[in-house]
Amino acid sequence: MGKKKLITFWRIVHTGMVNFARNISLAIAAMAIMVVTLTIVLFSLIINDTFSHTIYQITSKIDISVYLKDSVNQQQTAKLLGEIRSLSNVQSAAYLSKAQALKVYEAQNSSNQQLIQAVQETNNPLPATIIIKPRNLNDLSSIKSFLSLPAVNKLQTDPPSYSGQEKQAIDRITHATNVLREIGVVAVIVFAVVSVLIIFNTIQMAIFNRRDEIQIMRLLGASTSYIRGPFIVESIIYGVVSAMISVLIINEAFQASSTTLQASSLGLLDIGYANQFFTDKFLVLLILEVVLGIVIGAVSSLIATRRYLKFKSR
Amino acid sequence: MILLDRVSKTYSKDTKPSLDRVSLHVEPKEFVIVVGQSGAGKTTLLRLLTREERQTTGKIIVGGIDYDKLKDREIPLLRRKIGVVFQDFKLLPNKTIFENVAFALEMVGMGNKEIRNTVPKVLDIVNLTGKEDNMPIQLSGGERQRVAIARAIVRQPKILIADEPTGNLDPKHAWDVIKILEKINRYGTTVLLTTHNQEIVNRLKRRVVTLKDGRVVSDRANAGYKI
Ligand SMILES: Nc1ncnc2c1ncn2[C@@H]1O[C@H](COP(=O)(O)OP(=O)(O)O)[C@@H](O)[C@H]1O
Ligand SMILES: [Mg+2]
């Protein structure tokens, strides 16, 4: 019994492959649309991850510097630090003493010896500094309002400085990512639906072309799965082949036209990282694409065979 | 083996029944000829037996299976137990003779090796050795008819149904086909044959059931035939 089932299973797979080869002209339309769908999915995944990475990178550099008057004593500093750290949008807050601030400044301007010399001659003009790293850059208002409280404000020499330009860049990228994500989701849904419809149609046509054969199989006592199986195998092959083609397309895009890609993404896309991500996660992405292709193929042919093979009562 | 009890079949409400209260009892290993003019209901009767159609009323029991209790998914198993030679052969035009016969074995899960052993034996029974690689279109009507018989018997069914297998054949080839059916019957298969060929009926000297306008008008052993 087990052996018979195995033989039958392989026969179904074999028939599906033979029919795929025989119907290649029908299959091409179905696979073309599926390739487009899967390529969009893959492209979206890569872009999404790349932008997330870029945002993370920039975000981790952003901070707010609070400059303290020289008159602020240790006790006041500790109290202020504690209050800042207890704010919900603060990820971390670090204290730089005057001496440490000078060291950082010297390191940052090591190429400009004149400037360093000038600073050293004037008995360390740099203020002690608290460096705040916020959690969410889009919601700095709670931190800002805390820093502008009179009691807090009077401890500061200068208004706090924000890494303002970087914030703008982040806003741009976040916005672009969100838009792209939305476009990606809509495109994936639209193309997936179109793929299902076209494969559905292809299988319907294949069933129509083979209606005599199917009728004879039925009369000779072929089981439902023996008749239906090859159609499902056939559309699963569409999925697998399309997945591989779409992975190849993305691969080629990285190989051949990374400059075009760079230009078309307004310079926001970190092609190096995207390529690295694609290379590192190649297997996972390939499997994901194949699985998605199989699901799209199987779903459409399951519906089509259910609808057009009319198993009931015959 | 086959039991029909007042079976009627009406294809659509407005027409008169194609089968009208037909009762028939066929013993195992019997050879029964169903005769009747075109439109008498012979093919309809066979279609009910293979569950290609459902009876409108009445009871059908074949090989112990009550058709009223048959579930849809059990129909393939029923059909595997009955060999059918269709009036229009129903061969697959794009498969060779060998493949056409092997087809019936493939769908029941027989291994390739066993299929390669079995098919030539059956083709030998129907005198088609050497035609394995031909396509159906390259064969004569009589040869195609014998391919259809080979496919019907290759699974060694207990029951063989043949719908006018001599229909378009000249007398010599018609008789060749009948001799094959008799041979299969001698091996122990119940045979149900429909025909309107008077000469064949008279030569066979078997039980004859006569259908007229969907009704059994006579059922006699060792009968001749006149319309
Ligand atoms: N699928 C069908 N739909 C409607 N009427 C049918 C169908 N098949 C057969 N009939 C009618 O049933 C009657 C018996 O037909 P059939 O069983 O084919 O007769 P036979 O095989 O003896 O020539 C005929 O009147 C025929 O027109
Ligand atoms: Mg007929």
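The values are calculated or read from the model by the stated rules, or taken from the named source; none is laboratory data. Keep in mind that this is a model prediction, so the values were computed, not measured. Glycine gets a Cβ as well: all are built from the backbone with ideal geometry, and neighbour counts include every protein chain shown. Remember, those area values only see protein heavy atoms, side chains included, never the ligands or the DNA or RNA. Shrake-Rupley method; radii C 1.70, N 1.55, O 1.52, S 1.80 Å.
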- Centre separation in Å (Cα based) which lies between region B:98-120 and region B:38-71: 28
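Arrange the peptides B:71-81, A:238-248, B:206-216 so that the one whose residues have, on average, the most other Cβ atoms within 10 Å appears first.
A:238-248, B:206-216, B:71-81
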- Query: Heavy-atom accessible area of A:Trp10 with all protein chains present, probe 1.4 Å, nearest 10 Å²?
  - Reply: 150
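Based on the Kirkwood radius over alpha-carbon pairs, what is the Stokes-Einstein translational diffusion coefficient of region B:91-156 at 20 °C with 1.002 mPa s viscosity, in µm²/s? The partial results should precede the final answer.
On the way: Rh = 11.5 Å.
Value of D from the Cα-based Kirkwood radius: 187 µm²/s.
In Å², nearest 100, what accessible area do chains A and B bury in total when the solvent probe is 1.4 Å? All intermediate terms of the calculation are to be shown ahead of the outcome.
Details: alone 18330 and 11660 Å², together 28020 Å².
That pair hides around 2000 Å² of surface in total.
If you count only protein heavy atoms with a 1.4 Å probe, what accessible area per residue comes out for the protein assembly as shown, rounded to a whole Å²?
Working: 28020 Å² over 541 residues.
For the protein assembly as shown, the per-residue accessible area is 52 Å².
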- Rg/Rh ratio calculated on Cα atoms of region A:63-162 (Kirkwood radius): 1.00
- Solvent-accessible surface (1.4 angstrom probe) belonging to B:Glu106, in square angstrom, nearest 10: 50
- Task: Kindly report, to the nearest 10 Å², the accessible surface of A:Val179 as traced by a 1.4 Å probe over protein heavy atoms only.
- Result: 60
- Task: Please work out the C-alpha center-to-center distance from region A:175-216 to region B:1-16 and express it in whole Å.
- Result: 45
- Item | Tilt relative to chain A, helix A:98-108 - C-alpha long axis, 0 to 90 degrees, to 10 | 50
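Around A:Gln76, with a cut-off of 14 angstrom between Cβ atoms, what is the net charge of the other residues, counting Lys and Arg +1 and Asp and Glu -1? Don't skip to the end; give the middle numbers.
On the way: positive: A:Lys69, A:Lys79, A:Lys154; negative: A:Asp70, A:Glu83.
Neighbourhood net charge equals +1.
Percent of accessible area on the protein assembly as shown owned by carbon and sulfur, 1.4 Å probe? Could the numbers behind the result be given before it?
Values: 15930 of 28020 Å².
Taking all protein chains in place, the protein assembly as shown shows 57 percent carbon and sulfur surface.
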- Distance from region B:136-168 to region A:114-145 (C-alpha centre basis), Å: 97
- Note on the structure: Inter-chain shielding metric for A:208-219, i.e. average beta-carbon neighbours from other chains within 10 angstrom, reads 3
- Label A:Ala21 and A:Val185 with points 7 Å out from Cα along Cα→Cβ: what is the distance between them in nm? 4.4
- Message: Which positions within region A:2-46 get 50 Å² or more of their accessible surface covered by the other protein chains, compared to the chain by itself, with a 1.4 angstrom probe?
- Response: A:Arg11
- Once you've got the GNM for chain B with C-alpha springs shorter than 10 Å, pick whichever of B:Leu24, B:Leu45, B:Leu123 has the biggest mean-square fluctuation. B:Leu24
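When ranked by the protection proxy of mean other Cβ atoms within 10 Å per residue, highest first, what sequence do the peptides A:226-234, A:212-220 form?
A:226-234, A:212-220
Heavy atoms only, 1.4 Å probe, whole protein assembly: order B:Thr44, A:Thr224 by accessible area, highest first.
A:Thr224, B:Thr44
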- Would you mind checking region B:105-141 for residues with the amide N under 14 Å from a putative spin-label position 7 Å along Cα→C-beta of B:Lys183? B:120-130
- Task: Obtain the nm distance between the two label points defined at B:Gln198 and A:Asp139 by a simple spin-label model: each point lies 7 Å from its Cα along the Cα-to-C-beta direction.
- Result: 10.0
- Give the cross-link partners of A:Lys61 among the lysines, using a straight C-alpha distance below 20 Å as the criterion and excluding same-chain residues fewer than 8 apart. A:Lys103, A:Lys133, A:Lys144, A:Lys167
- Calculated Rg and Dmax of chain B using C-alpha coordinates, Å: 17.3, 52
- Out-of-range pairs (alpha-carbon distance over 28 Å; input B:Lys9/B:Lys179; B:Lys95/B:Lys212; B:Lys16/B:Lys81; B:Lys29/B:Lys59): B:Lys9/B:Lys179; B:Lys95/B:Lys212; B:Lys16/B:Lys81
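Counting partner chain Cβ atoms within 10 Å of every residue's Cβ in B:107-114, what's the average? Kindly include the intermediate steps, with their values, before the conclusion.
On the way: counts 9, 8, 11, 3, 4, 2, 0, 1.
Per-residue shielding by partner chains comes out at 5.
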- Note on the structure: Mean other chain Cβ within 10 Å across B:68-81 is 3
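Provide the percentage of antiparallel DSSP beta bridges, counting only those with both residues in the protein assembly as shown; round to the nearest 5. Write down the numbers at each step before the final one.
Numbers: 31 of 49 bridges.
So the antiparallel bridges amount to about 65 percent of the total.
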- Note on the structure: In whole Å, largest first, the alpha carbons of the protein assembly as shown cover along the principal axes 135, 46, 40
